[in-house]
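The values are calculated or read from the model by the stated rules, or taken from the named source; none is laboratory data. This is a predicted model, so every value here is computed, not measured. Cβ placement follows ideal geometry from the backbone for every residue including glycine, while neighbour counts extend to all protein chains displayed.
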Amino acid sequence: MTAEKIKEIVSQMTLEEKASMCSGADFWHTEAVERLGIPASMVSDGPHGLRKQDQEGDHLGVNDSIKAVCFPAGCGTAASFNRELIRQMGETLGEECQAEGVSVILGPAVNIKRSPLCGRNFEYYSEDPLVASEMAGALIHGVQSKNVGTSIKHFLGNNQETRRMTSDSQIGQRSLHEIYLAAFEGAVKKEKPWTVMCSYNKINGTYAAENHKYLTEVLRDEWGFEGYVMSDWGAVNSRVKDLQAGLDLEMPSSNGFNDKLIVGAVQSGELPEKVLDAAVSRILNIVFRYEENRDKNAVFDRDKDHEMARKVAQETIVLLKNDGVLPLSEQDEIVFIGKYAKTPRYQGGGSSHINSHKVTSALDAVADMANVTYAQGFDDKVDKTDEKLLAEAVEAAKKAKFAVVFAGLPDAFESEGFDRKHMRMPDCQNELISKVAAVQPNTIVVLHNGSPVEMPWVNEVKGVVEAYLSGQAVGGAVCDILFGKVNPSAKLPESFPLKLEDNPSYLFYPGEKDKVEYREGIFVGYRYYDSKKMEVLFPFGHGLSYTTFAYSNLTVDKETMKDTDVMNVSVDVTNTGNMTGKEIVQLYVADQESTVIRPVKELKGFEKVELAPGETKTVTFALDKRAFAYYSVKLQDWHVETGAFDIMIGRSSRDIVLTKAVTVESTVKIPFVYTTDTAMGDVLKDPRAREIVEELLKFDIFGGVQDKAESSAANEAITAEMNAAMAEFAPLRSAVSFGGNMNMADVQEIVDRLNALEEG
Ligand code: BGC
């Protein structure tokens, strides 16, 4: 619908009607205004399947929703690093929404995995903002290509479940821009989601729902977002303020209560009516965009979509370790051990919970293989070893040639609504794995979990397969990998630390009451582990294949560029093994030298390529300013420091295979303001300044003492190094205390001359 037409409709609406458009009619619908032909519009969770509730609505999946298809959760889809595949998954979801009359699916969820403990990590993509925003972008693209909206969430700084409705995420400006905003930024700018969902929490003291800075200045003014912002369910606490900040739609219904506040605020003059009109226009724009593009032929073909879910799952399962045991042969004597072989844990609890129309377990997938036996091994209702189940499993493991243990986290260990208390798997499962491995040298562990776990048994087993929460087709997909029908091609979109205490947020997570200080700053995930050179269990970007890949010919189209330019990088990848496979090529950038604190490397590009045995493909990347920049709080903008950078191509963040140095020249100078506190070393960085401070350089404190020190061998503690360091860091005002005949006004005069130099 054209902007003019929407304007016309809004002009015909009463104040009360407009206010009522700004909150839900019920749990899942926007208001209808029949007399003006405005239909109610339905939204549904998301993000990895349709949770459409026909009956009474709730937001934590307690009440049933329609039978639908559960796709792999975000933890897994990110591991695919496959934009095209996730775009296809989005198309499937979009078609389902069209068939079911859902205008907006509530996802993707891109919050950064700050700590392995976040109960909702299974829904989120990555510890890295580029991965999160690219994968989200792919999903948005797919869904919206079917004329159905998405709601990228939860904006902003919602990285824990503990006290999520009241906690205050205290995040520095650099970390906000480089990590937390960046997870949304690329997807919002490139793929233009129809809606954004704001989070419950506060950001630096202001609720996300009433945060003008992020909802309007950043989202709309800087990033060009044109859709509507809706609240997370119940995130509104001050309706009029929220509207002014840029929050258009309150969900769910406020039962008319907040509508009255809006009406009252307009009548009293507190709220300009044009603010309300703008919010209503944005909502109507989306409502009509959906209505006018209904696909009457869309069908929700659950069986077909199950196959899509399996196709996605095949690329979300990460082969973490393989000491020559995988792939298995279909003729081998194999025992599947563990409850999750029969009833897999394939999704998480909460608002994303799907009422799956069917679930394929690993046992279902091998139903016609007589050589595969099963032992339950453990129960996941309580963390207690069942001695009988354990003994049966160990016996079965002894008899077989291979044991595959299907383990992981029970629902009670991770879910929306609460955070994990630790990073361990249930003790009873760890014990089972160790006891099976003790009698069966060919033990493989398949994990079902949404977030990293400690693996005390990792050196006792020959294979580890991270299945994540891979949706309702997980069993078939896992067996495709185990038996080599599909070559594993996923990699970790997050680091697996050895233990929880290694995680950079460990000391500050989940904060003190409602105060959550993000003290680790920009050092999230591998940015921390790699900078600290810490041993990890499995690094970011790690994942094995049944074939091998070789890298060569790292080339750049220019070795030096201005920060306004684009550098094209290419690298050849060859499949050097015997099986067709897909490789995820990762490009990291490292600043060789920097005056600001930066991680040792950051991911700036990734591409997934499929290669037949012997085949070589050239993978290309385009690097612009952002690939080299940090966020300058002083400039309130991205900034590149002139100098050398390493471009690194890696199989993971810890397996860099090729490196090339390039130079980037900044076109922006950060203005420098001299004060009496400016250190002499900083002054001398500008050769033009030397003349102005020439006099001062004769003072002992600024280095004049050196000659004396050299001649006076009596005091060996005074070295040239010490004097040089003292001189470098001495502020100009030291001239008053240590220089002799100089007062503060004299120093200020020098400062003024230096500043005149800057301006000139
Ligand atoms: C969740 C959202 C979800 C909404 C509606 C909230 O509790 O945080 O992700 O979309 O409920 O179910």
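Please determine whether any residue of segment 12-21 is in a loop (DSSP other than H, G, I, E, B) and at pLDDT 95 or above.
Yes; the residues of segment 12-21 include at least one that is in a loop (DSSP other than H, G, I, E, B) and at pLDDT 95 or above.
Yes or no: segment 325-345 includes at least one residue that is within 16 Å of the ligand (Cβ to nearest atom) and within 28 Å of Glu96 (Cβ to Cβ).
Checked against the condition, which is being within 16 Å of the ligand (Cβ to nearest atom) and within 28 Å of Glu96 (Cβ to Cβ), segment 325-345 yields no hits at all.
When you look at Ala32, is it more than 23 Å from Asn355 (Cβ to Cβ), within 16 Å of the ligand (Cβ to nearest atom) and surrounded by fewer than 22 Cβ atoms within 10 Å (Cβ to Cβ), yes or no?
No: the conditions fail for Ala32.
If the requirement is being hydrophobic (A, V, I, L, M, F, W, C) and either within 14 Å of the ligand (Cβ to nearest atom) or free of Cβ contacts under 8 Å to residues at least 60 places away in the same chain (or both), which of these qualifies: Leu130, Leu93, Leu85?
Leu93 is the lone residue from the list that is hydrophobic (A, V, I, L, M, F, W, C) and either within 14 Å of the ligand (Cβ to nearest atom) or free of Cβ contacts under 8 Å to residues at least 60 places away in the same chain (or both).
Where residues in segment 133-162 are over 19 Å from Phe225 (Cα atoms) and within 16 Å of the ligand (Cβ to nearest atom), which of them is surrounded by the fewest Cβ atoms within 10 Å (Cβ to Cβ)?
Looking at the filtered set, the residue picked out is Thr162.
Criterion first (within 16 Å of the ligand (Cβ to nearest atom), at pLDDT 95 or above and under 27 Å from Glu602 (Cα atoms)) does Leu181 satisfy it?
In short, no.
With the structure loaded, tell me whether Arg220 is within 15 Å of the ligand (Cβ to nearest atom), surrounded by fewer than 22 Cβ atoms within 10 Å (Cβ to Cβ), touching a residue at least 24 places away in the same chain (Cβ under 8 Å) and more than 22 Å from Gly46 (Cα to Cα) or whether it fails that test.
Against the criterion (within 15 Å of the ligand (Cβ to nearest atom), surrounded by fewer than 22 Cβ atoms within 10 Å (Cβ to Cβ), touching a residue at least 24 places away in the same chain (Cβ under 8 Å) and more than 22 Å from Gly46 (Cα to Cα)), Arg220 does not qualify.
Show the residue pairs meeting these rules: Cβ distance below 6 Å; 6+ apart or different chains; first residue within segment 1-21 and closer than 12 Å to Leu284 by Cα; second residue at pLDDT 95 or above and among the aliphatic types (A, V, I, L, M).
Correct list of pairs: Ile6/Leu284; Ile9/Leu36; Val10/Val280; Lys18/Leu276; Lys18/Val280; Met21/Val280; Met21/Ile283.
State which residue is nearest to Glu307 (Cα to Cα) when the search covers only segment 346-381 and only residues that are crowded, with 21+ Cβ neighbours inside 10 Å, among the aliphatic types (A, V, I, L, M) and away from the ligand (no atom under 16 Å from the Cβ).
Ala365
Among (1) without any contact (Cβ under 8 Å) to a residue 40 or more places away in the chain; (2) surrounded by 15 or more Cβ atoms within 10 Å (Cβ to Cβ), there is one condition Ala279 misses while meeting the rest; what is its number?
The one condition Ala279 does not meet is (1).
I need a count of the residues in segment 163-178 that are under 23 Å from Met251 (Cβ atoms) and either more than 16 Å from the ligand (Cβ to nearest atom) or in contact with a Phe, Trp or Tyr (Cβ under 7 Å, 6 or more places away or on another chain) (or both).
Qualifying residue count, segment 163-178: 4.
Any residue at all in segment 90-101 that is hydrophobic (A, V, I, L, M, F, W, C) and closer than 26 Å to Gly157 by Cα?
no
Looking at (1) out of contact with any Asp or Glu (no Cβ under 9 Å at 6 or more places or on another chain); (2) at pLDDT 95 or above; (3) within 14 Å of the ligand (Cβ to nearest atom); (4) closer than 26 Å to Thr360 by Cα, which is the only condition Cys70 fails?
Exception for Cys70: condition (3).
What are the residues in segment 190-213 that are more than 16 Å from the ligand (Cβ to nearest atom) and out of contact with any helix residue (DSSP H, G or I) (no Cβ under 7 Å at 6 or more places or on another chain), if any?
Lys192, Asn204, Gly205, Thr206, Lys213
Starting from residues that are small (Gly, Ala, Ser) and part of a loop (DSSP other than H, G, I, E, B), keep the ones in segment 55-94 and report whichever is surrounded by the most Cβ atoms within 10 Å (Cβ to Cβ).
Applying the filter and picking the extreme gives Ala73.
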